[in-house]
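The next block holds one structure in the form of structure tokens; read it before the comments.
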Amino acid sequence: MIAYLEGRVIKQETDRIVLLCGAVGYEVLLPKVVMDTLKPHMNDETISLFIYHYQTERQPKPTLIGFNLEIERDFFRQFITVEAIGPLKAIHALSISVREIAIAIENKDVKGLSKLKGIGNRTAQKIVATLHGKMKKYALMHQSENQKLPSEQISASMDEIKLQVTDVLINQLGHRPVEAEEMIEKALKRSPSIDSAEALFDEVYRGEMAQ
């Protein structure tokens, strides 16, 4: 199964490219939000894509879907767990950033989600029902990929807790150190009884979404 490709674009269409990797050209479908970010780099530059490889008994022809970041692919995998949203429909829906969609889901913004291409009111309701509460890490995305977020309460000193959340915000979600420090201090000021990395991260998230 293909998970990652790196090469040069030799053909571009509205929703796909042909990526030359070595001596092999791969056709890769791209959501609009990904295509828009790649366009300035398609002239003889090497680009890299994280790949969602789609193939089923009903659709035996392999379909490759490309993303700039691993966290975008992670979001896509969650997005297609929603009833009535398959990979091809999801591609068309991703016309805005993953972060914007995640915020809409966490805010239960059915009206906003229903404006995504191919997503009507009923499907938007299903998206919220299925994914609400699972989008925090995507809603806090900056420019960097995410590998892992604090998901379990860990008994630790406050310094250790702050270090864990700082690492997530800087190294995994792409925030600058000064931004991460400010977000954490504000969260602790709002809720001084925080005693776990998970609780601190949740409070950081709530503070950012309230702005």
Given backbone amide H placed at 1.01 Å from N, residues whose amide H is under 5 Å from that of residue 20, ignoring those fewer than 5 places away on the same chain, are 8, 9, 10, 26
Sum -39500 (n - 2.57) across every DSSP H segment of at least 4 residues in the chain, then divide by the residue count to get the 222 nm mean residue ellipticity, nearest 500.
-12000 deg cm²/dmol
GNM, the chain, Cα, under 10 Å: largest mean-square fluctuation among 199, 93, 84?
84
Under a point spin-label approximation (7 Å from Cα along Cα-to-Cβ), what is the residue 83-residue 4 distance to one decimal in nm?
3.7
Return the sequence-ordered ³J(HN,Hα) values of the range 14-29 in whole Hz as given by the Karplus equation 6.51 cos²θ - 1.76 cosθ + 1.60 applied to θ = phi - 60°, using x for Gly and Pro.
4, 10, 7, 9, 10, 9, 8, 10, x, 10, 10, x, 10, 7, 10, 6
Residue by residue through the range 38-46, the couplings from Karplus 6.51 cos²θ - 1.76 cosθ + 1.60 with θ = phi - 60°, in Hz, x for Gly and Pro, are 8, 3, x, 10, 8, 8, 6, 9, 7
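Classify the range 13-116: rounded, prolate or oblate, from the alpha-carbon gyration tensor (a ≥ b ≥ c, eigenvalue square roots; a/c under 1.5 rounded; otherwise prolate if a/b is larger than b/c)?
Working: a/c = 2.33, a/b = 1.44, b/c = 1.62.
Oblate, because a/c is 1.5 or more while a/b does not exceed b/c.
Considering every pair of different Cα atoms, what Kirkwood radius, in Å, is found for the chain? Show your work: numbers first, answer last.
Numbers: mean 1/r = 0.0538 Å⁻¹.
Computed over Cα pairs of the chain, the Kirkwood hydrodynamic radius comes out at 18.6 Å.
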Given Cβ point charges of +1 (Lys, Arg) and -1 (Asp, Glu) and nothing else, what value in debye, to the nearest 20, does the dipole of the range 31-189 about its Cα centre take?
940
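Between rounded, prolate and oblate, where does the range 75-139 land on the alpha carbon gyration tensor, with a ≥ b ≥ c its root eigenvalues, rounded for a/c under 1.5, else prolate if a/b exceeds b/c?
Working: a/c = 1.28, a/b = 1.17, b/c = 1.10.
In terms of gyration-tensor shape, rounded.
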Looking at the chain as a GNM with Cα springs under 10 Å, which of 140, 88, 113 has the largest mean-square fluctuation?
88
How would 166, 37 line up from fewest to most surrounding beta-carbon atoms within 10 angstrom?
37, 166
Counting other beta carbons within 10 Å of each Cβ, put 105, 161 in order, fewest first.
161, 105
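Could you tell me the relative contact order of the chain? Use alpha-carbon pairs under 8 Å, at least six residues apart, and round to a whole percent.
Working: 327 pairs, mean separation 29.2, N = 211.
For the chain, the relative contact order is 14 percent.
By count of other Cβ within 10 Å, fewest leading, how are 165, 28 ordered? Present the calculation step by step, with values, prior to reporting the outcome.
On the way: 165 25, 28 22.
The order, fewest Cβ neighbours first, is 28, 165.
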If the cut-off is a Cα-Cα distance under 25 Å, which lysines reach residue 32, setting aside same-chain residues fewer than 8 apart in sequence?
11, 61, 89, 108, 111, 115, 117, 126, 134, 136, 137
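Any read-out appearing in this document is the output of simple, stated calculations on the displayed coordinates, not a laboratory observation. In this text the structure is predicted, and so the values were computed from the model without any measurement. Don't worry about glycine lacking a Cβ; one is built from the backbone with ideal geometry, like all the others, and counts go over all protein chains shown.
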